[in-house]
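Take a look at the structure below.
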Amino acid sequence: MRKDPETVTDANRTTTVEMTGSDPEQVIADVLGDVPRAAYWRELREALSDRLVAAKSERDRWLPDTAERTAVEKRIAELREQVHALATEEAVTQFVEDSIRASLNRPVPAGTFAFADDEFAEEF
């Protein structure tokens, strides 16, 4: 099935994507451009989540109101913020990827056929 190039616009850029018999992964790569895939954001988030768990463990080794515990609590707050930011990036990117897959796989409404050539176009 032949589709015309589609223009995709986000807040930062406009991209024209060829949707011809498209491989969803290639279309996603074209649309995202230099933006990492959701799986990458997930890996980063999971790594920082592991660091967060370790920092919480470390915090519990220090007595309250010590400089060391205060430093660890500051690091915990920073890690929580970073984990949240990565989770947001992951969710947004996953939404874009899923939307592209859904768009490429949606059924064509009856009566709106596209042919590689005009051989049968007159019949419809």
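Which members of segment 29-50 meet the condition of being in a loop (DSSP other than H, G, I, E, B), in contact (Cβ under 8 Å) with a residue 24 or more places away in the chain and either touching a Phe, Trp or Tyr at 6+ places or on another chain (Cβ under 8 Å) or not basic (Lys, Arg) (or both)? Walk me through it before giving the result.
So the first thing to find is which residues in segment 29-50 are in a loop (DSSP other than H, G, I, E, B), and the list is 33-37.
Subsequent filtering for residues that are in contact (Cβ under 8 Å) with a residue 24 or more places away in the chain retains 35-37.
Once the filter is applied, which keeps residues that are in a loop (DSSP other than H, G, I, E, B), in contact (Cβ under 8 Å) with a residue 24 or more places away in the chain and either touching a Phe, Trp or Tyr at 6+ places or on another chain (Cβ under 8 Å) or not basic (Lys, Arg) (or both), segment 29-50 yields Val35, Pro36.
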May I ask you to list the residues in segment 52-97 that are among the aliphatic types (A, V, I, L, M), in contact with a helix residue (DSSP H, G or I) (Cβ under 6 Å, 6 or more places away or on another chain) and closer than 30 Å to Gln26 by Cβ?
Leu86, Ala87
Name the single residue that is modelled with the lowest pLDDT among those in segment 1-28 being aliphatic (A, V, I, L, M) and either out of contact with any Asp or Glu (no Cβ under 9 Å at 6 or more places or on another chain) or in a strand (DSSP E or B) (or both).
Met1
From Val92, Val53, Val72, Val83, grab the single residue that is surrounded by fewer than 13 Cβ atoms within 10 Å (Cβ to Cβ) and either among the charged types (D, E, K, R) or part of a helix (DSSP H, G or I) (or both).
Val53
Of (1) in contact with an Asp or Glu (Cβ under 6 Å, 6 or more places away or on another chain); (2) modelled with pLDDT of 95 or more, Glu43 satisfies every one except (1)
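Scan segment 20-61 for residues that are among the β-branched types (Val, Ile, Thr) and farther than 16 Å from Phe95 by Cβ and jot them down. Walk me through it before giving the result.
Applying the first criterion (among the β-branched types (Val, Ile, Thr)) to segment 20-61 yields 20, 27-28, 31, 35, 53.
Selection gives Thr20, Val53.
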Members of segment 56-69 found to be assigned to a helix (DSSP H, G or I) and loosely packed, with under 13 Cβ neighbours inside 10 Å, listed by number
Ser57, Ala67, Glu68
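The values are calculated or read from the model by the stated rules, or taken from the named source; none is laboratory data. All of these numbers come straight from a predicted model, not from anything done at the bench. Glycine also receives a Cβ, built like all others from the backbone with ideal geometry; neighbour counts cover every protein chain displayed.
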